[in-house]
Amino acid sequence: MTLNNTIIETLDLKKWYTISRGIIRRQKSYVKAVDGVSIRIEKGEAVSLVGESGSGKTTLGKLLLLLEEPTDGKILFEGNNIIHNNRKKEFRRKVQMIFQNPYTSFDPRLNMFENITEPLVVHNLVNSYKERFSIAINLLSKVGLNPPEVILSKYPHQLSGGQLQRASIARALSLNPELLVADEPTSMLDASLRIGVLNTLKSLQKEMKLSVLLITHDLAAASYLTSRVYVMYLGKIVECGDTQDIIDHPLHPYTIALMDAVLTTKIRNLGELKIKGELTPNYKDNVCRFSSRCPYANEKCLTQEPKLVELEKGHFVACHYPSY
Amino acid sequence: MGWKEYLLRRIIQLFFIVFIVLILNFLIINLAPGDPASIMAGELATKEYIEAVRQKWGLNKPIYERLISYVSNVVHGDFGYSFTYSQSVLSLIAERIPITLMLTLTSSILAFVIGLLLAVRSAQNAFSKEDIIVSNAMLVLYSVPSFWLGLVLIGVFGVGLRLLPTSGMTDVRAANTGLLLAIDILIHSILPISTLTAIQIPVYYKIARNSIVEQSSEDYALTFTMAGMNRSDLFRKYILRNSLLPPVTVFALHLGYILSGAVLVEIVFGWPGMGRLLLGAVYSRDYPLIMGIYLITSITVAFANFFVDILYVLLDPRVKYTNESS
Amino acid sequence: MKVHENKNLLESVRDFWNKYKKNKGGVIGLYSLLIILLVAVVVPFLPIYDPNSIQFGSFMPPSLAHLFGTDELGRDVLSRVLWGTRTSLSVGFGAALVSSLAGIILGSIAGYFGGLFDEVISRITEIFLMIPAFFLILLIASIYGSSIYYVILVIGLTTWPSTARIIRAQTLSLKEREFIYAQKVIGSSASRVLFIHLIPNAIQPVIANSILQVASAILLEAGLSFLGLGDPNLISWGKMIYNGSIYIFSSWWIAFFPGLAIVITVASLNMIGDALATVLNPRLEERGA
Amino acid sequence: MSLLEVCKVSVEYKTWNSKIEALNDVSFSLSHNEILGILGESGSGKSTLALTIMKALPKNAKVRNGKIIYKDKDLLNLSESMLNSIRWKEISIVPQNSMNSLSPVHKIGDQLYDILKLHNPSIEKKEALEIIKEKLTISNLGENIVDKYPHQLSGGMRQRVLIATSLLCEPKIILADEPTTGLDVVTQYQILKELKELQDKIKFSMIIISHDISVIVNISQRVLVMYNGQVVEEGKTQSILEEPMHPYTKALFEVQLMVGRIKKEDLKIVEKQDNKIQNFENFSGCVFYFRCPFATQRCKNENPRLTKVKNEHSVACFLYG
C-alpha cells in the first residue's frame, strides 16, 4: 500500500495526564492514558479499536479528533501533521464523530432540524433555508429515519436512543466527511436496536467509501463491521491485524481472555478465564502492563516491556510469549 | 499527599486570604477620593493627629511602601486609633467581644438545634401538609429583616405586654451584683437572643430538610429498606449521618460571623456589643474603627472557612485531600 | 411543512407552568411579586398623598384617612411605603443583574476554558466568597458615599461568586456532554459553543439563584439604610424603620409597615426562588420513600 | 412445588400528570434451587417487578391487583413488621450497582453488620464479623474489605460486596437486578460465573434480571421474556433457545452477533421503527403491535394471552393460536 492511500495515521502518540502531589516537594506522577500508539487507517477502510473501559481507547479517539491535545507524537491526516496546523477547519469538515451516549449528543434546546444541520451553518455551506431543509430530509432518509419531516420537528428528548443515534450519523454525514469515528455507538442502546444502527453504519461505509474507526469493547460488533482490529490495553496497542485472523487465532493472552469472556446465545460452561483481577492503572515502568493479570507472566515480563512485532503477515502482537 | 501536608496547604491558603483582605482594605482607603490620611484618622481627628498618622503609616510615600507599612502595622496588631473613643481600635473591639459572643454563640447553637429538629420532622413527612406549611413559614421567616423582627418583639413583649426589658444588657438603676446581675443579664438577653435565633432557624431548616429529602431517595436507603430495616433505624443510622454534612458546614461557616453577625440586632436592643460600636463609628465617620471591624470579620470568616475544610475531611471519607489536575 | 414549530417550546413552557403551579407557595409568591412590580411602576399615578408632604399632623395612628398613619414629620406612611417599592426593587433587581452577569461570564469562562483561566477565576471566587459583603458595602458606603448606584454595584460585585460557582459546575459537567464535543467536532468556534450552546443550557439553576439574590440584596439594602448608609435622596424602607425605631414605644406603625413591606416583597421572591429550585431540581421532587 | 408464586400482578406509576402502567397481569412461579432469568429492555417493567416482590416500590407506584405468595402468605398483604422478618432472611436482592447502593460514609463492615444484626438481634459482634468475612470471601473478596468505604472499590468489587450482602442471612431466594450492567466484559463474565457457582454450592433460588439475552441464557434454567410490562414468552431455556416463538424474542436472538462467525451478508432482522413516538393510551391491542412485522388487524384490537404451546413453553402471540 502506498502512503497516499492512508487517511489518518498516528505516530507514537502519547497522552499523559499529570497528577501533582505535595506542595513542598512537588512530585509528578502520570496517568498514561495513551502511551506511544501508532495506528493507521486507509481510505475507505473500517477499523476497530477494542479494549475494556480504562484501556485508553476513548482518549485515543479524542486525540484523533483533536478534542484533546497530545502530550507527544504526531497525527498525520492525509500525510500532514495536523497538530498545531492551521488547516483545522478543513480537518473538521473531513473528520466526524458519533458518540456513545445518543441522549446527550444533541443540544436539548434545539429541535432536530437545527441540531442536524448545524454543521452546515457553521461551515457556511448553505445559502437558503430551503436548501438546508432539503439536505436535512435527504440525510434522514439516508440513515433510515422516517418520516423525516416529523423527526425534524421533534426535540431530542422526544426521540428514542436508536432514533437519536441515527440522527447522530446524519449530522456527521452532513459535511460529507472522509473519516467517521464511532465511539461505542451502540452500547447505550437496547439490544434489539443495536443491530439496526450497526447495519446503517455498515451500508453507509460501503456506499460512501467512508473510512471508519469503531471504538468498542464488543468484539462481536468489531468483527461484524470492520476488517482490521487494534486491541488496546492500558494505553498500548497489544495486538493488531486482520479481524478474521485475530478472531481465528488470537496471539496475545489479553485478546484471548477478552474473546473467552464474550457471552453469546450459544450456551457454554462458564469456565475459568485465563486472566486475573481487574484493570488497574498501577504498574511499574519497563514491565509488561498485562503481567499483573497474565497467567504466563514470568521474569522477563517483569523486567522488559514487550514491543509490537509482526509475527505473521499483517498480524502484530506485543507479548514475549505469544500463544501460537 | 498526607494529612499533614493538606493541613499545611490549607494554612498557607488561610494566610494568603487574610493577606488579600488586607490589600483590599488598603486599596479601598487609598483609592478613595480625598486624603487617605484623614480617612485613616477618622473625621473627628485633629490636624496634628492626621499629620501623625501620615507619618506613621507612611502616607506621603509611594504606594508600595505604604502597602508594606500598612501590612506590617496590622500584622503587629495595630489596627489604628479611634479618636471617637480615644482608644486603640483593637482594644475597643476586644472589650466588646465577650458581650457579643453571649448573644451570637447562644443563638447560633439554639438555631442549629431547633432548625435541625424541625427539618427532621418535616423531612420524615416530606410533602405532607405539615411539611408544606412549615416550609413556607420558614421561607417567610427567612425574609424578615433581623432589626425589624427585634422591633416587633420589643413592641409586643416590651411595650404591649410589659414582660421583658427591651434595651441594654443590665438594669442600670438596680446596680445588681453577683447572681442577681447574672439573672438581670439573662433577662435582658432573652429578646435579642430570641430575635437572632428566629432569623437563623430557617437557614438550618432549609438546608437540613433538603439534604434529608435528597438522602432519603438515595439508592442505599432502598437497599436498607429491602434488607428489612425499619424507617426509624434507617433514618437514625444512615440518612441522618449522610445528611448532616451540609447543615454542619453552614453552621461552621456562620461561626465566621460570630463577632459581627448580630450588629443590627444589637443596635435595636441597645446591647453594648460590636453593634453599638459600629453604629457609633458610622455616625462619627470613625473610619479606623469601621475598618477594624471589617478586618476582624474578614479574618474570622477566613478562619471559619479553614475550619470547614478541615471538618469536611474528617466527616466525609470521600473527600480526598489531593489536588488532581490534568 | 413548517419546521420551526414553536408548539414544542410552548408545550414545554406549559409543562413547566403545570409543575410550577403545584407549588402553592411559588404561585402565591409570583402573584404577589407581580402586584408589587405593578405598584412600583404605577405609583406616580396612584391617588395617594405626596410621600414628602409634611402638611399632616405628626404621629397620627392608622385611620381611614391615613391607613398606615403618619410619621414624626407628618408624612403619610402608606404613600412612603408604596414609593419605597421602587428603591427596594431597583436595588434588588439591579444588584442581582450585575451579580448574575458577572457570575455567568466568569463562571462559564472558568469552566469551559479550564487551565489557567479556571485556576485564577476560581481563586478569586473563593476569596470573594469569604468577603463579608455587608461589612464591605458598609465600609465603601461610609467612605465613598451611598448613592444607590454604588449600593447596587457593590452588592452586585460582592455576591457574584455563588452564581459563578453554579455556572462553573454546570459548565464543567456540560463540557463532558457529547453535544458539546459534537460542536467542537463540527468546527464551531469557542464563542459559538459558549454563547449558543453552553450558557443557555447551564443557566437554569442560576435563575432560581438569581431570584434569591434579588431577595437578599433587598435585605442588604434595608440593613444598610437602617444604619443610615442608604441613598439619602430616596425613600427607603430600611431608613423608615430606623426612623420609626426611635418611636417604637409610642407610634409603632411608623416602623411596622415598611418592615411588613420588606417581608412581603422578600418572601414573595424567596417563595418563587424556592419553587423554581424545586421544579428545576428533580432530586427535590416528590418521589418515593 | 413452587417456592414463590406471582399471580396476576399489575403495578402503575403516577407521575405529576399521567399514569404509566409498569406491570400488567404478570404471573410466574419460582421453584426450589431454580435460576429464573427475566429478560427485557429498559422500560419493560423488569426492575419494577423486583421492587414489587421486595415491596419496596416508590410512593408514587401502586399495586393495582395481584398476589405474591411465599410460604402460603401473600407478601403484598403483609404488615411492615411481618415483611421485615421475610426480607433478607428469606428473600434478598442484589440491588442495581451504583456508587450509592451502600452508604458512602459508613464502612462496609459496619453496614453489613447492621443488616446482619437486623435479623439476628442477639448476635455477638465477633461472631457477626466472622459471618461477614466468610460471605465476603465466598464472593471472591478479601477480608480487609470490611474496613473500606464503597468509593474505595472498583465497580466489580462493589458488585461483589452487594452479592456478599445479599448472602448475609442465607436467604432462600435472591433477586439479582442487572448484576453485570456497567461492568466490562471480563468482570461481567467473572461475576456471572461466581453467581452461578455460589448458587450451585449454597443452593438457593435466584431470579436474575437483565436486558442482555446472552447473560440470561447462559445462567438461567428458565426464561421469562417481558415487553412493555407484560410477559410475552416463558419457557425452559433450552426450549426457548431451540424455538423462540414470540416475534420479539426471535428478534432478540437474531440481533445477537457471534464472535468468530463473520457473516458475509448483512443480518436481516425484524426491525421496525422503534416506537417512542407511538401513543399507547387507549390502545387495547398487543403490546408488540407497533414493532411487529407479522402484526394483523386482530393484533391491533386484541391483546393475546400467554398460552401454553409446548411442554412448559408459553407465548402471548396470535401466531400460536
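In table form, for the structure just shown:
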{"quantity": "Positions within region B:226-238 being buried (at least 19 other Cβ atoms within 10 Å of the Cβ) and either facing chain D (nearest Cβ under 9 Å) or in contact with a Phe, Trp or Tyr (Cβ under 6 Å, 6 or more places away or on another chain) (or both), in sequence order", "calculated": "B:226, B:227, B:228, B:229, B:234, B:238"}
{"quantity": "Test result for residue A:316, aromatic (Phe, Trp, Tyr) and over 29 Å from residue D:191 (Cα atoms)", "calculated": "yes"}
{"quantity": "Residue in region A:271-281 that is outside any loop (DSSP other than H, G, I, E, B) and within 14 Å of chain D (Cβ to nearest Cβ) present", "calculated": "no"}
{"quantity": "Subset of region A:170-200 (residues that are touching a Leu at 6+ places or on another chain (Cβ under 7 Å) and of a type in the set (Val, Ile, Thr))", "calculated": "A:181, A:186, A:195, A:197"}
{"quantity": "Qualifying residue in region A:218-233 (condition: surrounded by fewer than 24 Cβ atoms within 10 Å (Cβ to Cβ), out of contact with any helix residue (DSSP H, G or I) (no Cβ under 9 Å at 6 or more places or on another chain) and farther than 25 Å from residue A:11 by Cα)", "calculated": "yes"}
{"quantity": "Residue ID - farthest from residue D:208 (Cα to Cα), chosen from residues in region D:90-117 that are in a loop (DSSP other than H, G, I, E, B) and charged (D, E, K, R)", "calculated": "D:107"}
{"quantity": "Residue list for region A:215-245, restricted to those being within 11 Å of another protein chain (Cβ to nearest Cβ) and of a type in the set (A, V, I, L, M, F, W, C)", "calculated": "A:219, A:220, A:221, A:222, A:225"}
{"quantity": "Region A:89-129, residues that are open to solvent by 10 Å² or more (accessible area, probe 1.4 Å), more than 7 Å from chain C (Cβ to nearest Cβ) and hydroxyl-bearing (Ser, Thr, Tyr)", "calculated": "A:103, A:128, A:129"}
{"quantity": "Failed item in (1) on the phi < 0 side of the Ramachandran plot; (2) in contact with a Phe, Trp or Tyr (Cβ under 8 Å, 6 or more places away or on another chain); (3) not acidic (Asp, Glu), with residue D:195 passing the rest", "calculated": "(2)"}
{"quantity": "Condition met for residue A:69 (out of contact with any helix residue (DSSP H, G or I) (no Cβ under 7 Å at 6 or more places or on another chain) and either more than 20 Å from residue A:236 (Cβ to Cβ) or outside any helix (DSSP H, G or I) (or both))", "calculated": "yes"}
{"quantity": "Residue tally, condition in a strand (DSSP E or B), away from chain C (no Cβ under 14 Å) and either surrounded by fewer than 22 Cβ atoms within 10 Å (Cβ to Cβ) or touching a Phe, Trp or Tyr at 6+ places or on another chain (Cβ under 8 Å) (or both), over region D:1-29", "calculated": "16"}
{"quantity": "Single match in B:168, B:80 (criterion: open to solvent by less than 30 Å² (accessible area, probe 1.4 Å), away from every other protein chain (no Cβ under 14 Å) and touching a Pro at 6+ places or on another chain (Cβ under 8 Å))", "calculated": "B:168"}
{"quantity": "Spans of helices (runs of 4 or more DSSP H) in region B:227-300 with at least 1 residues under 13 Å from the mean Cα position of the chain (by Cα)", "calculated": "B:245-255, B:263-269, B:274-283"}
{"quantity": "In region B:76-134, the residues that are of a type in the set (S, T, N, Q) and at positive phi", "calculated": "B:86"}
{"quantity": "Failed condition for residue C:82, given (1) part of a helix (DSSP H, G or I); (2) within 14 Å of another protein chain (Cβ to nearest Cβ)", "calculated": "(2)"}
{"quantity": "Subset of region C:233-252 (residues that are open to solvent by 10 Å² or more (accessible area, probe 1.4 Å), touching a helix residue (DSSP H, G or I) at 6+ places or on another chain (Cβ under 6 Å) and more than 7 Å from chain B (Cβ to nearest Cβ))", "calculated": "C:234, C:235, C:239, C:240, C:242, C:247"}
{"quantity": "Residue tally, condition facing another protein chain (nearest Cβ under 9 Å), open to solvent by less than 50 Å² (accessible area, probe 1.4 Å) and either part of a loop (DSSP other than H, G, I, E, B) or over 22 Å from residue D:23 (Cβ atoms) (or both), over region D:67-89", "calculated": "2"}
{"quantity": "Elements of type helices (runs of 4 or more DSSP H) in region A:122-178, at least 3 residues being touching a residue at least 40 places away in the same chain (Cβ under 8 Å) and within 26 Å of residue A:89 (Cβ to Cβ)", "calculated": "A:161-173"}
{"quantity": "Out of C:279, C:206, sole residue that is within 14 Å of chain D (Cβ to nearest Cβ), among the aliphatic types (A, V, I, L, M), in contact with a helix residue (DSSP H, G or I) (Cβ under 7 Å, 6 or more places away or on another chain) and over 22 Å from residue C:150 (Cα atoms)", "calculated": "C:279"}
{"quantity": "Condition broken by residue B:101, with the remaining ones in (1) in a helix (DSSP H, G or I); (2) touching a residue at least 40 places away in the same chain (Cβ under 8 Å); (3) crowded, with 17+ Cβ neighbours inside 10 Å satisfied", "calculated": "(3)"}
{"quantity": "Candidate set: region D:157-206, residues that are within 18 Å of residue D:130 (Cα to Cα) and charged (D, E, K, R); chosen: the one nearest to the other protein chains (Cβ to nearest Cβ)", "calculated": "D:160"}
{"quantity": "Boolean, residue B:44 is in a loop (DSSP other than H, G, I, E, B) and within 14 Å of chain C (Cβ to nearest Cβ)", "calculated": "yes"}
{"quantity": "Among residues of region C:86-97, those that are open to solvent by 20 Å² or more (accessible area, probe 1.4 Å), aliphatic (A, V, I, L, M) and over 18 Å from residue C:195 (Cα atoms), counted", "calculated": "0"}
{"quantity": "Some residue of region D:56-66 being more than 10 Å from every other protein chain (Cβ to nearest Cβ), in contact with a helix residue (DSSP H, G or I) (Cβ under 9 Å, 6 or more places away or on another chain) and not hydrophobic (A, V, I, L, M, F, W, C)", "calculated": "yes"}
{"quantity": "Wholly within region D:130-219, helices (runs of 4 or more DSSP H) carrying at least 1 residues that are open to solvent by 50 Å² or more (accessible area, probe 1.4 Å)", "calculated": "D:155-167, D:185-202"}
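Here is a yes/no grid of residues against (1) within 17 Å of residue C:259 (Cβ to Cβ); (2) in contact (Cβ under 8 Å) with a residue 60 or more places away in the chain; (3) open to solvent by 60 Å² or more (accessible area, probe 1.4 Å):
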position	(1), (2), (3)
C:38	no, no, yes
C:55	no, no, yes
C:66	no, no, no
C:83	yes, yes, yes
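Residues checked against (1) open to solvent by less than 10 Å² (accessible area, probe 1.4 Å); (2) within 14 Å of chain D (Cβ to nearest Cβ):
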| residue | (1), (2) |
| --- | --- |
| B:207 | no, no |
| B:210 | no, no |
| B:218 | no, yes |
| B:244 | no, yes |
| B:255 | no, no |
| B:264 | no, no |
| B:280 | no, no |
| B:292 | yes, no |
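The values are calculated or read from the model by the stated rules, or taken from the named source; none is laboratory data. What you see is a predicted model; the values in this text were computed from it and never measured. We place every Cβ from the backbone using ideal geometry, glycine too, and count neighbours over all the protein chains shown. SASA here: full protein model, heavy atoms, side chains in, ligands and nucleic acids out. Shrake-Rupley method; radii C 1.70, N 1.55, O 1.52, S 1.80 Å.
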